[in-house]
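The values are calculated or read from the model by the stated rules, or taken from the named source; none is laboratory data. Predicted model only: the values in this text are computed from it and were never measured. Every residue, glycine as well, gets a Cβ built from its backbone with ideal geometry; the counts of neighbours run over all protein chains shown.
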Amino acid sequence: MGKLLPCAVSLLLLALLSSSESVAAFPSLRVRGYDSIFSFGDSFADTGNNPVVFRWYSVFNPVTRPPYGSTFFGRPTGRNCDGRLIIDFIAESLGLPFLPPFLAHDGGFRRGANFAVGGATALDVGFFHDGEPAGPGASQFPLNTSFSVQLQWFESLKPSLCGTTQECRELFGRSLFVVGEFGFNDYSFSLGGKSIQQVRSFVPDVIRTISMAIERLIKHGATRLVVAGMIPAGCSPPILVMFADADPAGYDPRTGCLKDMNELAIHHNSLLREALHDLRAEHPDVEIIYADFFNPIMEMVESPGFEGDAFTICCGGPGRYHYNQEVWCGDPGATTCKDPSARLFWDGVHLTEAANRYIADDWLSSINSPASASNL
Ligand SMILES: *[C@@H]1O[C@H](CO)[C@@H](O)[C@H](O)[C@H]1NC(C)=O
């Protein structure tokens, strides 16, 4: 894992790198500055849009009450976490403010904006609701917050950020675009009515949708993008509880994760990396970094460092892994672990701040040295 350099050392490096000779001497240490970050995705990246959207649809939302935010912010912020998300650690590390959620913040998006919404899918709602109306009032997930809807929000904000094409190219050229995670919700919302094989069949549609959205961001002037792959869904406590009666042969004996759900994620990630490879070939001036969401979580699942069972969530109701669909984190019947930093999962699929920090360190090492991460 790429550990972040201590602050003082990074400053020293920056000073060294400001002369071109030093840059040539350390080609893999190109330190780049960013003026702003624009983020798209689901609850893994949502810094506070979901309370607004869930209110539109009158959908119950546990994250607006304690103990959400108890480790870091000291209050619920709309993050599905006890503290900071990966995107928060990225913003901190790049010297930028925490990303204001586009729907909740009253202006001030010069340093970036976050369009990610908890429960968001890559595919549009019509795919899931079979043409049934999914407007406000239809409190059925997924809500109307797909990647293309988030792009429409971005496009509605754009005129307030920059005027001419040139101005926008300059602004977005100095911005980091963070895309994802997308995919987990597309697949998990479908598992109620479809087999894993049926779900697997629309992975290419999900990837094509992500890829087309990235093209659209590049057309707007994005030149540096970080695109997150999918989590190992077969290690996710809600999935493990959903398939609690699976054949014992369906579990990886080493990790206890569900093999076919992890295979779905591996398939998604391999098609995503192929799509990113094609995008890089089409846009040689654009840096596209693949952010690995799978392996850092696997490393933590396999690490003996976590308190008890890696799948036991910190905050939840009674039952297997403390995950209970009737008793959510924050409900009267729920319990919260004493030390969230000793756990991997916070309230179900979502990770603790400690886990987010571990993953952010990994992504940041790719963001800070994209040359070594021009991965395939
Ligand atoms: C979803 O939201 C977008 C953007 O606000 C809107 O254009 C579209 O009509 C909405 N779709 C549905 C099905 O409500």
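Listed here are the residues, each with its yes/no results for (1) surrounded by 15 or more Cβ atoms within 10 Å (Cβ to Cβ); (2) in contact with a Ser or Thr (Cβ under 8 Å, 6 or more places away or on another chain); (3) not acidic (Asp, Glu).
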{"residue": "SER195", "(1), (2), (3)": "no, no, yes"}
{"residue": "ILE207", "(1), (2), (3)": "yes, no, yes"}
{"residue": "ALA213", "(1), (2), (3)": "yes, yes, yes"}
{"residue": "VAL227", "(1), (2), (3)": "yes, no, yes"}
{"residue": "PRO232", "(1), (2), (3)": "yes, no, yes"}
{"residue": "LEU240", "(1), (2), (3)": "yes, no, yes"}
{"residue": "PHE243", "(1), (2), (3)": "yes, no, yes"}
{"residue": "PRO253", "(1), (2), (3)": "no, no, yes"}
{"residue": "LEU258", "(1), (2), (3)": "yes, no, yes"}
Qualifying residue in the stretch 242-251 (condition: aliphatic (A, V, I, L, M), in a helix (DSSP H, G or I) and out of contact with any Leu (no Cβ under 6 Å at 6 or more places or on another chain))
yes
Taking into account only those residues within the stretch 140-167 that are touching a His at 6+ places or on another chain (Cβ under 9 Å) and of a type in the set (D, E, K, R), which is farthest from the ligand (Cβ to nearest atom)?
LYS158
Name the pairs: first residue in the stretch 167-190 and farther than 20 Å from LEU271 by Cα, second residue of a type in the set (Phe, Trp, Tyr) and in a helix (DSSP H, G or I), Cβ to Cβ under 9 Å, at least 6 apart or on different chains?
PHE189/PHE128
Of those in the stretch 342-354 that are under 18 Å from HIS322 (Cα atoms) and among the hydrophobic types (A, V, I, L, M, F, W, C), the residue surrounded by the fewest Cβ atoms within 10 Å (Cβ to Cβ) is ALA342
Tell me which of these GLY137 doesn't satisfy, since it passes every other one: (1) within 16 Å of the ligand (Cβ to nearest atom); (2) surrounded by fewer than 18 Cβ atoms within 10 Å (Cβ to Cβ); (3) modelled with pLDDT of 95 or more.
(3)
What number of residues within the stretch 79-98 are closer than 25 Å to GLY330 by Cα and touching a residue at least 40 places away in the same chain (Cβ under 8 Å)?
11
Right, LEU171: more than 13 Å from the ligand (Cβ to nearest atom), of a type in the set (A, V, I, L, M) and at negative phi or not?
yes
Confirm whether GLY234 is touching an Asp or Glu at 6+ places or on another chain (Cβ under 9 Å) and assigned to a helix (DSSP H, G or I).
yes
Taking the stretch 163-181 and keeping residues touching a Leu at 6+ places or on another chain (Cβ under 9 Å) and either hydrophobic (A, V, I, L, M, F, W, C) or not in a loop (DSSP other than H, G, I, E, B) (or both) leaves GLU167, CYS168, LEU171, PHE172, LEU176, PHE177, VAL178, VAL179
Name the pairs whose Cβ atoms lie under 7 Å apart, with the first residue in the stretch 141-153 and on the phi > 0 side of the Ramachandran plot, the second in a helix (DSSP H, G or I) and near the ligand (Cβ under 9 Å from one of its atoms), and 6 or more positions between them or separate chains?
none
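Report, by residue number, each residue of the stretch 287-310 that is part of a loop (DSSP other than H, G, I, E, B) and out of contact with any strand residue (DSSP E or B) (no Cβ under 7 Å at 6 or more places or on another chain).
ASP292, SER303, PRO304, GLY305, PHE306, GLU307, GLY308, ASP309, ALA310
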Checking LEU276 against (1) buried (at least 16 other Cβ atoms within 10 Å of the Cβ); (2) in contact with a Lys or Arg (Cβ under 7 Å, 6 or more places away or on another chain), only one condition comes out false. Which one?
(2)
Looking for something surrounded by fewer than 17 Cβ atoms within 10 Å (Cβ to Cβ), touching a residue at least 60 places away in the same chain (Cβ under 8 Å) and among the polar types (S, T, N, Q) - is there at least one such residue anywhere in the stretch 56-70?
yes
Residues within the stretch 61-111 that are assigned to a loop (DSSP other than H, G, I, E, B), within 18 Å of the chain's Cα centre (by Cα) and acidic (Asp, Glu), tallied
1
